[in-house]
Every structure is written in C-alpha cells, then in structure tokens.
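Please treat every number below as a calculation from the coordinates, not as lab data. Being a predicted model, the structure only gives us computed values, none of them experimental. Cβ coordinates were reconstructed from backbone atoms using ideal geometry, including for glycine residues, and neighbour counts include every protein chain displayed.
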Amino acid sequence: MHEMSLTRSMVGIIEGQAATHGFQRVSRVRLEIGELSCVDPEALTFCFDAATRDTVAEGATLAILTVPGQAWCRDCDMAVPIGQRGEPCPRCGDYRLQIRAGDEIRIKDLEVD
C-alpha cells in the first residue's frame with residue numbers, strides 16, 4: 001500500500017511547516033489528488049488517521065479535492081480531458097497525448113490553530 005508512504009511524507013511536510021511557521025496544531029488538511037495519480041482516496045484517508053497520531057495533525061480533517069485528468073493532444077494541438085492513462089484523444093482518437101494535469105498529489109492548504 002503506497003498510500004501509507006505518501007501519507008508519511010505528507011505528515012513530514014506538515015511537521016516541517018509547523019516548525020517553520022510556529023503553529024501547534026493543524027485542524028484541516030486540503031489535499032489535491034489527480035484522477036490519474038493511481039492513489040486510492042479511501043486508503044489515503046485510512047492511512048492519514050494512523051500516520052498523524054502524535055503529530056501536529058492528529059485529529060485533523062482530511063479534505064480531498066479531485067483534479068481531473070487533462071492531456072495535450074499533439075494532433076489536435078489542444079488540451080483534452082482524459083479519464084485514465086493510455087486512452088485516446090476524445091476528439092481525434094490519436095494516442096499521442098502528453099499529460100498536463102491529473103497526476104499530482106499536493107497539499108493545497110492547511111487550517112491551523
């Protein structure tokens with residue numbers, strides 16, 4: 001389950017921000033997860049509860065915002081929506097797509113006390 005590794009990294013970032021900015025507690029974490037990132041939001045939520053024990057984020061709410069997949073089609077010369085890797089352009093059917101959005105995992109913001 002790579003979600004636990006991702007969550008531990010996220011907690012490390014949160015702890016670093018707490019040290020840098022001097023806050024003692026995080027009450028909410030908003031996380032952006034791309035549709036193409038291969039991350040299971042339910043597993044990540046489960047791991048978050050376990051990984052935040054005894055940290056500044058213990059008891060914090062995790063809000064997950066889904067980022068839709070988007071790619072650049074080289075034939076159409078435009079951005080197109082995609083739901084998963086390996087699918088063709090929905091406009092022209094070509095497979096020469098470059099992912100532009102939807103593969104990210106990023107802490108959008110923290111609500112602190």
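For labels at Q84 and D40 in the simple 7 Å Cα→Cβ model, what's the distance in nm?
Modelled inter-label distance: 1.5 nm.
Which residue fluctuates the most in the chain, going by a Gaussian network model with Cα springs under 10 Å, if the choices are G93, G34, G102?
With Cα springs under 10 Å in the chain, the top fluctuation among G93, G34, G102 is at G93.
Taking square-rooted eigenvalues a ≥ b ≥ c of the alpha carbon gyration tensor, is the range 1-43 rounded, prolate or oblate, where a/c under 1.5 means rounded and, failing that, a/b exceeding b/c means prolate?
Numbers: a/c = 2.70, a/b = 2.13, b/c = 1.27.
Since a/c reaches 1.5 and a/b is larger than b/c, the shape of the range 1-43 is classed as prolate.
To the nearest 0.05, what FRET efficiency results for H2 and R53 with a Förster distance of 25 Å applied to their C-beta separation? Don't jump to the answer; show the numbers that get you there.
Numbers: r = 20 Å, r/R0 = 0.79.
Computed FRET efficiency for H2 and R53: 0.80.
Pull out the extension gain between I13 and Y95, defined as 0.36 nm times the separation in residues minus the alpha carbon to alpha carbon distance; nm, one decimal. Before the final figure, lay out each step's value.
Numbers: separation 82, 0.36 × 82 = 29.52 nm, distance 3.64 nm.
Contour length minus Cα-Cα distance gives 25.9 nm.
Once you place label points 7 Å from the Cα toward the Cβ at I107 and C76, how far apart are they in nm?
Between I107 and C76, the simple spin-label model gives 3.6 nm.
Tell me which of L65, A51, C89 sits at the most positive position along the dipole axis of the chain, charges placed on C-beta atoms (Lys, Arg +1; Asp, Glu -1).
C89
Label points 7 Å out from Cα along the Cβ direction at S27 and L65: separation in nm?
Those two pseudo-labels are separated by 1.9 nm.
Which of (1) 34, 14, 10; (2) 63, 28, 5; (3) 86, 24, 6 is the computed semi-axes √(5λ) of the Cα gyration tensor in Å for the structure on display?
Answer label, from the structure shown: (1).
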